[in-house]
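Notes for the one structure printed next.
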Amino acid sequence: LLYPMPCSLAQPVTPELLVSPSSQDGDLGSECPEDRGNWTGRLDFLLSCIGYCVGLGNVWRFPYRAYTNGGGAFLVPYFIMLAICGIPIFFMELSLGQFSSLGPLAVWKISPLFKGVGMGTILIVSLVAIYYNMIIAYVLFYLFASLTSDLPWQHCGNWWNTDLCLDHHVIKAGNITFPVNITNTVSPSEEYWSRYVLHIQGSSGIGDPGRIRWNLCLCLLLSWTIVYLCILKGVKSSGKVVYFTATFPYLILVMLLIRGVTLEGAWKGIRFYLTPQFDHLLSSKVWIEAALQIFYSLGVGFGGLLTFASYNTFHQNIYRDTFIVTLGNAITSILAGFAIFSVLGYMSQELGVPVNQVAKAGPGLAFVVYPQAMTMLPLSPFWSFLFFFMLLTLGLDSQFAFMETIVTAVTDEFPYYLRPKKASFSAVICIALFLMGLILTTEGGMYWLVLLDDYSAGFGLMVVVITTCLVVTRVYGIKRFCRDIHMMLGFKPGPYFRACWMVLSPATMMALLVYNIVKYQPSEYGSYRFPAWAEVLGILMGVLSCLMIPIGMVVAVLQEEGTLWERVQQASRPAMDWGPSLEENRTGLYVASLPGSQSPKPLMVHMRKYGGITSYENTAIEVDREMEEEEESMM
């Protein structure tokens, strides 16, 4: 049998009756867009997903969430939430991307009425990419500062230090003869972060950004340059970079863990981290916190998983990959907790204070507490460099995914114009996001970063995920979706996935959304409270991504014909060219128009009649038979 050749290699021979008038003139092959491309290695996709999911949150959010929500007991709701909403939604995103080979915007051919969901996703990812790269810029700043024999945040007495600065080295050396009250003092590392790196004393608040910190600006420029060079050729280049950036952090994490557990007082911190407090499980807050950790750690809803899967071959075993990535991500978070709290235990013993007084989350852990702990170790610059290099590689993987998501989404919408110029388009996006992020490099930039962090991917992201889940299972249909997966993988998802997709996952996400709204708290940074106008601006960021959904609906309805209800029905059905991208993977209802035809109307002729049987021939025949039986029962 002769397989149909790609349109870039041969002009298809088409029966005269099946050619639309618009395709009879000119070269049919010239109508084909440039090839989208695929992963070039077997492990490219898997390592990219691991690098995307295992990010900064595993190091600076999970350990803190665990110890504040019941210690070891937190693992119970954590793994339950992983099973209920983490794994199922992860698998759903991968399935959508791999089946269609389309990005987060074009994938809504599945139901054009909801294309606004994709628009909301791109808006969220763009906002996150702006501030996430600023965090990478901070990491680069500390990485360069570690290239010295004496860490600059090790002692007081620098121009940025105040009278409140207290050097623990001086106390330990016994050079102070009078009693010291450390409650009203500040560590050298904290003043280095706030008064030197951020120079936040130059700003009175979010409305007064102050001057640009040129050293931070250069670090931000460097971080965007690194990101651009790594995504220059799309997944062909980023897929190779992740072989290093996704694996090397584990080597450093193990080194930090071994060093941490050998320190005096380390077990004090680990005991504090893991001692189970089962009474916490009766609190709804703990279960919500577990679901939030799963939700953000796996990166569902951001479009990165869907984008990466869209570059897979049609029969890639994403079922296996789902469990490898999700369970690997959970184990990494737990492992990071040991590495962090072993050092915090040593630090609390050195300072003579309880562990809970030194434990922090977020930037406070990465740029204040852990750097201070590093100064207490022999060869402190070496360990500091390793720690920040680990954060750099963890952050870059996630940033690659954000950028690839944006670029892929737009180029899939305009493949004829942008796909041949993908490198140039990527440069334009990087430059635009760099310029928008310049406000984060000012003296008041941290206030803007906190605002973006709190609101850009808050309730808006949850609305996107809930809508996606409901559209796929109820509008598109759970039977049809499972049949698509059957066509790809050779088996249908079991009752576990069906139950989660239909009920458990959307219900859990809805509970998260309601909890976030009911327990809403205004943003703050330290003792600074954000003004009302900043809160309104933050809420508008979240609302805008939600508004993309009704805006997309209006546009889709206006493009149809008939009464309002007829238009809604037509717009909610899959587009005529929805389905696998390659002809040899299209069977039954997915037999599309021949390459070069301008009409997307499916041919009522089975593809195998003209050749091109899939490698999963038996599965394809079985799926076709199911489709025919279902059509007959509906007539």
Check your understanding: With each pseudo-label sitting 7 Å past Cα toward Cβ, what's the Met576-Leu43 distance in nm, one decimal?
Key -> 4.6 nm
Study note, to complete from the structure: Taking max minus min of the Cα coordinates of region 465-523 on each principal axis, largest first, gives extents in Å of 49, 20, 18
Review point. Highest mean first, what order results for 328-337, 522-531, 246-255, 50-59 on Cβ atoms within 10 Å?
Key: 50-59, 328-337, 246-255, 522-531
Point to revise | the chain - Debye-derived log10 I(q)/I(0), Cα point model, q = 0.10 Å⁻¹ | key: -0.93
Check your understanding: Relative contact order for region 277-432: what is it in percent, counting Cα pairs under 8 Å that are at least 6 residues apart?
Key -> 21 percent
Point to revise | Point-charge dipole on Cβ atoms (K/R +1, D/E -1) for region 357-460, about Cα centre, debye to 20 | key: 200 debye
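Once the Cβ-Cβ distance between Leu281 and Ile331 is put in as r, and R0 is 22 Å, what FRET efficiency do you end up with, to the nearest 0.05? Numbers along the way, then the final one.
Values: r = 21 Å, r/R0 = 0.97.
Rounded to the nearest 0.05, the efficiency is 0.55.
By how many nm would the segment from Val543 to Val428 grow when fully extended, if each residue of separation counts as 0.36 nm and the alpha-carbon distance is taken off? Please list the in-between numbers first.
Values: separation 115, 0.36 × 115 = 41.40 nm, distance 2.66 nm.
Between Val543 and Val428, full extension yields an extra 38.7 nm.
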Check your understanding: Can you run phi through the Karplus equation (6.51, -1.76, 1.60; θ = phi - 60°) for region 481-486 and list ³J(HN,Hα) in whole Hz, with x for Gly and Pro?
Key -> 5, 5, 5, 4, 5, 4
**Study point:** Of all accessible heavy-atom area on the chain, the percent that carbon and sulfur account for (1.4 Å)
**Key:** 64 percent
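Between Tyr520 and Thr262, 0.36 nm times their residue separation minus their Cα-Cα distance comes to what? Don't jump to the answer; show the numbers that get you there.
Working: separation 258, 0.36 × 258 = 92.88 nm, distance 4.17 nm.
This chain segment gains 88.7 nm when fully extended.
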Review point. In 10 Å bins starting at 0, how do the alpha-carbon pair distances of region 377-536 split up by percent?
Key: 8, 19, 27, 28, 14, 3, 0
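Might you report the magnitude of the Cβ-based charge dipole of the chain about its Cα centre, with Lys and Arg at +1 and Asp and Glu at -1, to the nearest 20 debye? Mind dumping the intermediate values first?
On the way: 37 positive and 44 negative charges, 197 e Å.
Computed charge dipole of the chain: roughly 940 debye.
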Exercise for review: Considering Cα pairs under 8 angstrom that are at least six residues apart, work out the relative contact order of the chain and quote it in whole percent.
Suggested key: 31 percent
Check your understanding: Pairing the Cα long axis of helix 248-261 with the longest principal axis of the chain, what angle in degrees results, from 0 to 90 and rounded to the nearest 10?
Key -> 30 degrees
Point to revise | Accessible area of region 45-137 divided out per residue, in Å², using a probe of 1.4 angstrom | key: 17 Å²
Revision key, fill the gap. Taking R0 as 41 Å and r as the Cβ-Cβ distance between Phe244 and Tyr496, the FRET efficiency 1/(1 + (r/R0)^6), rounded to the nearest 0.05, comes to 0.70
Revision key, fill the gap. Expressed in angstrom and rounded, the centroid-to-centroid distance over alpha carbons for region 245-295 and region 454-524 is 27 Å
Review point. Gain in length, Tyr417 to Met436, computed as 0.36 nm per residue apart minus the alpha-carbon separation, to one decimal in nm?
Key: 4.3 nm
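So, for region 278-347, what is the accessible surface per residue at a probe of 1.4 Å, expressed in square angstrom?
Working: 2020 Å² over 70 residues.
The answer is 29 Å² per residue.
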Check your understanding: At Leu232 and Ser204, where each label point lies 7 Å from the Cα along Cα→Cβ, what is the point-to-point distance in nanometres?
Key -> 4.7 nm
Review point. Can you give the accessible area per residue of region 377-520, in Å², using a 1.4 Å probe?
Key: 35 Å²
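Using a 1.4 Å probe and counting only protein heavy atoms, arrange Leu418, Leu216, Leu537 so the residue with the most accessible area comes first. Mind dumping the intermediate values first?
Working: Leu418 40, Leu216 0, Leu537 65 Å².
The most accessible residue leads, giving Leu537, Leu418, Leu216.
The values are calculated or read from the model by the stated rules, or taken from the named source; none is laboratory data. All values reported here derive from a predicted model rather than from experimental measurement. Note that we place each Cβ from the backbone using ideal geometry, even for glycine, and neighbour counts take in every protein chain shown. Accessible surface is based on the protein model in full, side chains and every heavy atom, while ligands, DNA and RNA are left aside. Shrake-Rupley method; radii C 1.70, N 1.55, O 1.52, S 1.80 Å.
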